[in-house]
Amino acid sequence: MIEPRLASSVQVSAFVRLANAGGDHATVLRKGDPVAGAILLLGLVRGQSPQLFERFPSLDGGSSWHPVTTQPIENEAEASAIWEQRAKRDPDLWVVELDVASQERLIGLIGK
């Protein structure tokens, strides 16, 4: 049986509201399919240390966020190149930038 899940647009809206409510900043860099589009998160800590995350299903039926690459991303331009390349293959992809005050805050937002 397939478990229902929140539409992608609802999930993105929740990230934006949670970040803004906590005094951080969130921006939708790319809109994808409102119902079933995959979501990439570009995490920044005070505009630095870009990290890309994507959601993977877990064995318990839920999901969790994992880094897109094991190598450090040098700058935001490199992160943009990665997600733009991914978007060429997946036109339904959403990309959300979360610029937060600390690494702990970022982890708290993505529930990692």
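In the stretch 39-100, counting only strands (runs of 3 or more DSSP E) that sit wholly within it, the ones holding 3 or more residues that are open to solvent by 40 Å² or more (accessible area, probe 1.4 Å) span 48-57, 63-67.
Which of the residues that make up the stretch 28-48 are farther than 17 Å from residue 12 by Cα and without any contact (Cβ under 8 Å) to a residue 40 or more places away in the chain?
Step one: of the stretch 28-48, the residues farther than 17 Å from residue 12 by Cα are 45-48.
Listed by number, the list holds a single entry, 48.
The set of residues in the stretch 1-46 being over 14 Å from the mean Cα position of the chain (by Cα) and more than 16 Å from residue 109 (Cα to Cα) consists of 1, 2, 3, 4, 5, 6, 7, 33, 34, 35, 36.
The values are calculated or read from the model by the stated rules, or taken from the named source; none is laboratory data. Worth saying up front: this structure is predicted, and the values here are computed from it rather than measured. Please note: Cβ atoms are built from the backbone with ideal geometry, for glycine as well, and neighbour counts cover all protein chains shown. Protein only, heavy atoms only, side chains kept; ligands, DNA and RNA dropped before computing areas. Shrake-Rupley method; radii C 1.70, N 1.55, O 1.52, S 1.80 Å.
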